[in-house]
Amino acid sequence: MLLLRCPLLLLLLPLSSRPQKLPTRDEELFQMQIRDKAFFHDSSVIPDGAEISSYLFRDTPKRYFFVVEEDNTPLAVTVTPCDAPLEWKLSVQELPEEASGEGSGEPEPLEQQKQQITNEEGTELFSYKGNDVEYFVSSSSPSGLYQLDLLSTEKDTHFKVYATTTPESDQPYPELPYDPRIDVTSLGRTTVTLAWKPSPTASLLKQPIQYCIVINKEHNFKSLCAVEAKLNSDDAFMMAPKPGLDFSPFDFAHFGFPSDNNSGKERGFLKSSSKFGRQTSSKPRVDLHKVCIGNKNIFTVSDLKPDTQYYFDMFAVNTNTNMSTAYIGTFARTKEEAKQKTVELKDGKVTDVFIKRKGAKFLRFAPVSSHQKVTFSVHSCLDAVQIQVRRDGKLLLSQNVEGVRQFQLRGKAKAKYLIRLKGSKKGASMLKILATTRPNKQSFPSLPEDTRIKAFDKLRTCSSVTVAWLGTQERNKFCIYKREVDDNYNEEQKKREQNQCLGPDTRKKSEKVLCKYFHSQNIQKAVTTETIRGLQPGKSYLLDVYVIGHGGHSVKYQSKLVKTRKFC
């Protein structure tokens with residue numbers, strides 16, 4: 001049996017010279033000692049049937065002991081590396097004759113017994129180097145003092161150890177099914193559906209098992225301990241203890257578990273002072289997610305990025321013991337976004353484009369003839385959009401467009417132009433675009449910088465309002481429309497109706513006031529006024545001015561809300 005009682009501590013850490021007998025495991029006493037955290041504090045003893053968590057400093061070996069009293073004893077030892085590979089070795093050496101039975105004659109002093117045990121090199125039973133969860137299992141182990149030596153040569157790291165002399169009855173780790181793989185049953189652009197076979201520990205032994213899924217973009221994990229170490233390292237969750245100041249394997253507060261005492265604080269593991277520990281370096285948070293889903297054995301992971309490779313790990317966790325077993329992890333790449341169709345632009349023809357919120361559209365313009373210049377005219381109907389133009393892969397233009405803009409670029413023989421239009425973050429975008437190699441081909445009317453309509457308050461009467469707007473040096477046709485609205489009509493409603501691409505053809509004939517041509521060679525005098533008559537007293541009206549170009553395409557000025565006087 002594994003020795004868990006105080007005499008073993010006295011064997012390893014002599015406090016007196018009394019002869020010692022190595023007793024067998026008393027289960028009732030064992031349970032009492034397991035509950036007493038102080039019993040294992042600063043101890044190198046591995047308890048029988050309980051998992052311990054501990055810490056290794058790089059290139060600083062650590063040794064643990066346990067005693068098996070009787071020959072032909074079953075034995076199982078499990079070592080779980082967390083965030084770094086480990087080198088570990090299990091060896092055994094015979095106990096002194098006086099310590100392994102009743103004996104006869106005068107027993108050796110305890111100090112002499114200890115020297116005899118610890119100075120001799122034991123027989124190596126098993127060794128391993130790597131970051132897998134590895135086991136040593138024997139159905140018939142000899143009696144003796146067992147030593148577990150551990151070393152991390154890569155970095156400071158956490159690890160877990162579990163040892164038992166009753167492996168058949170304990171079974172703290174969930175058992176894996178005969179096929180422990182995770183299957184990807186469905187794959188989308190932002191979702192992956194996973195399925196796995198249930199653990200026999202749940203289906204046959206009826207023990208409480210829950211499954212935890214881990215998703216990340218870097219690699220698969222071999223233990224839940226490794227996942228938690230990765231997550232907690234980003235929070236600097238623990239100050240590593242100073243070499244030589246080992247801490248209790250049951251002081252779980254330092255490993256992210258709640259504690260009911262303040263022993264950790266007394267030892268200084270949570271302090272930032274270098275006197276007590278080494279501060280973990282600050283790292284950017286990893287894209288690592290863990291979700292526990294109960295006892296389901298199918299789950300859909302959502303909110304993933306398209307065309308991205310993800311790694312998926314599944315852990316069966318025994319909720320009674322909080323110990324876990326890893327399924328064989330898998331990986332999958334989400335599907336690409338549906339390839340957008342590239343719209344072909346025809347020379348001199350206006351094309352309507354609709355873009356989803358935060359979306360993008362691609363257009364292609366390939367002039368059939370040689371050209372010196374190419375002109376792109378863009379009319380953004382709602383919010384501003386971004387336009388990028390590349391010629392044979394080279395970026396020529398990147399601009400935000402609001403209203404009507406025109407861009408003239410130098411041409412090149414047999415050149416092909418790729419236009420990328422990116423929508424607004426606020427909502428969907430609508431626009432019209434024209435590409436041409438003929439400089440005189442102007443489908444969109446020119447606009448002044450200020451497209452507001454000004455109303456003159458002093459000229460307002462009970463039946464009329466007078467307004468003014470700016471024109472340009474180019475002779476264009478202007479049409480003004482009116483529409484009666486409720487008194488509670490506000491700016492927010494007006495903003496929703498600001499689609500500049502909707503032309504006069506969408507208006508009722510009764511709403512039309514007049515149309516007229518107007519321009520001025522002196523841009524400073526390019527102002528026109530108009531009085532709208534036949535209105536009702538005390539009523540609100542929405543006024544719109546449309547400017548219509550030579551190609552028949554119109555652009556709407558900013559709407560103006562006016563109100564007639566109630567009394568005159």
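Details
- Leading residue by the ranking (modelled with the lowest pLDDT) among those in segment 514-532 that are open to solvent by 50 Å² or more (accessible area, probe 1.4 Å) and among the β-branched types (Val, Ile, Thr): Ile523
This table checks each residue for (1) open to solvent by less than 70 Å² (accessible area, probe 1.4 Å); (2) at pLDDT 90 or above.
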{"site": "Ser127", "(1), (2)": "yes, yes"}
{"site": "Tyr135", "(1), (2)": "no, no"}
{"site": "Leu148", "(1), (2)": "yes, yes"}
{"site": "Val161", "(1), (2)": "yes, yes"}
{"site": "Thr165", "(1), (2)": "yes, no"}
{"site": "Arg181", "(1), (2)": "no, yes"}
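- Enumeration of residues in segment 511-543 that are in contact with a Cys (Cβ under 9 Å, 6 or more places away or on another chain) and assigned to a strand (DSSP E or B): Lys512, Val513, Leu514, Cys515, Lys516
- Checked against the criterion of being under 30 Å from Lys206 (Cβ atoms), under 23 Å from the mean Cα position of the chain (by Cα) and modelled with pLDDT of 90 or more, segment 332-352 has no qualifying residue.
- For segment 287-314, taking the residues that are touching a Leu at 6+ places or on another chain (Cβ under 8 Å) and open to solvent by less than 40 Å² (accessible area, probe 1.4 Å), the one that is nearest to Ser223 (Cα to Cα) is identified as Met314.
- Scanning segment 58-70 for residues that are open to solvent by 20 Å² or more (accessible area, probe 1.4 Å) and either closer than 16 Å to Asp149 by Cβ or modelled with pLDDT of 90 or more (or both) returns Arg58, Asp59, Thr60, Pro61, Lys62, Arg63, Phe65.
- Among the residues listed as Thr191, Thr185, the single one being of a type in the set (Val, Ile, Thr), under 24 Å from the mean Cα position of the chain (by Cα), surrounded by fewer than 17 Cβ atoms within 10 Å (Cβ to Cβ) and more than 19 Å from Ile328 (Cβ to Cβ): Thr191
- Odd one out for Leu194 among (1) farther than 17 Å from Ile46 by Cα; (2) outside the structural domain of Val317 (by the TED database); (3) at pLDDT 85 or above: (2)
- Val555 out of contact with any Cys (no Cβ under 7 Å at 6 or more places or on another chain), under 30 Å from Thr436 (Cα atoms), open to solvent by less than 20 Å² (accessible area, probe 1.4 Å) and modelled with pLDDT of 90 or more: no
- Hits in segment 42-89 - residues which are within 35 Å of the chain's Cα centre (by Cα) and among the aliphatic types (A, V, I, L, M): Ala50, Ile52, Leu56, Val79, Ala84, Leu86
- Taking the numbered list (1) open to solvent by 30 Å² or more (accessible area, probe 1.4 Å); (2) part of a loop (DSSP other than H, G, I, E, B) in turn, Gly348 passes all entries but (1).
- The sole residue among Lys432, Lys477, Lys414 that is among the basic types (Lys, Arg) and more than 28 Å from Leu396 (Cβ to Cβ) is Lys477.
- Test for Ser53: is it at pLDDT below 90 and either in contact with a Gly (Cβ under 7 Å, 6 or more places away or on another chain) or surrounded by 20 or more Cβ atoms within 10 Å (Cβ to Cβ) (or both): yes
- Scanning segment 379-437 for residues that are over 26 Å from Ser369 (Cα atoms), in contact (Cβ under 8 Å) with a residue 60 or more places away in the chain and either open to solvent by less than 20 Å² (accessible area, probe 1.4 Å) or of a type in the set (A, V, I, L, M) (or both) turns up Ser380, Cys381, Leu382, Gly403, Val404, Gly423, Ser424, Gly427, Ala428, Ser429, Met430, Leu431.
- Candidates are the residues of segment 487-510 that are out of contact with any strand residue (DSSP E or B) (no Cβ under 9 Å at 6 or more places or on another chain) and at pLDDT below 80; the one that is nearest to Lys566 (Cα to Cα) is Glu492.
- For segment 363-370, the criterion of a residue being at negative phi, outside any loop (DSSP other than H, G, I, E, B) and among the small types (Gly, Ala, Ser) is satisfied by no position.
- Residue in segment 397-415 that is assigned to a loop (DSSP other than H, G, I, E, B), among the hydrophobic types (A, V, I, L, M, F, W, C) and more than 37 Å from the chain's Cα centre (by Cα) present: yes
- Matching residues in segment 314-331 - criterion: being assigned to a loop (DSSP other than H, G, I, E, B) and farther than 17 Å from Thr201 by Cα: Gly329
- Among residues of segment 438-461, those that are open to solvent by 20 Å² or more (accessible area, probe 1.4 Å) and of a type in the set (A, V, I, L, M, F, W, C), counted: 4
- Within segment 451-465, residues that are in contact (Cβ under 8 Å) with a residue 12 or more places away in the chain sit with their Cβ atoms under 6 Å from residues that are among the hydroxyl-bearing types (Ser, Thr, Tyr) and surrounded by 13 or more Cβ atoms within 10 Å (Cβ to Cβ), at 6+ positions apart or across chains, in these pairs: Thr451/Tyr557; Ile453/Tyr557; Phe456/Thr466; Leu459/Thr466; Cys462/Thr564.
- Extreme residue, least open to solvent (accessible area, probe 1.4 Å), among residues of segment 199-216 that are part of a loop (DSSP other than H, G, I, E, B) and free of Cβ contacts under 8 Å to residues at least 24 places away in the same chain: Leu204
The values are calculated or read from the model by the stated rules, or taken from the named source; none is laboratory data. The structure displayed is predicted, hence computed values, not measured ones. Using ideal geometry, Cβ is built from the backbone for each residue, glycine included, and neighbour counts are taken over all protein chains shown. Each accessible area value is taken on the protein alone, full model and side chains, heavy atoms only, with ligands, DNA and RNA left out. Shrake-Rupley method; radii C 1.70, N 1.55, O 1.52, S 1.80 Å.
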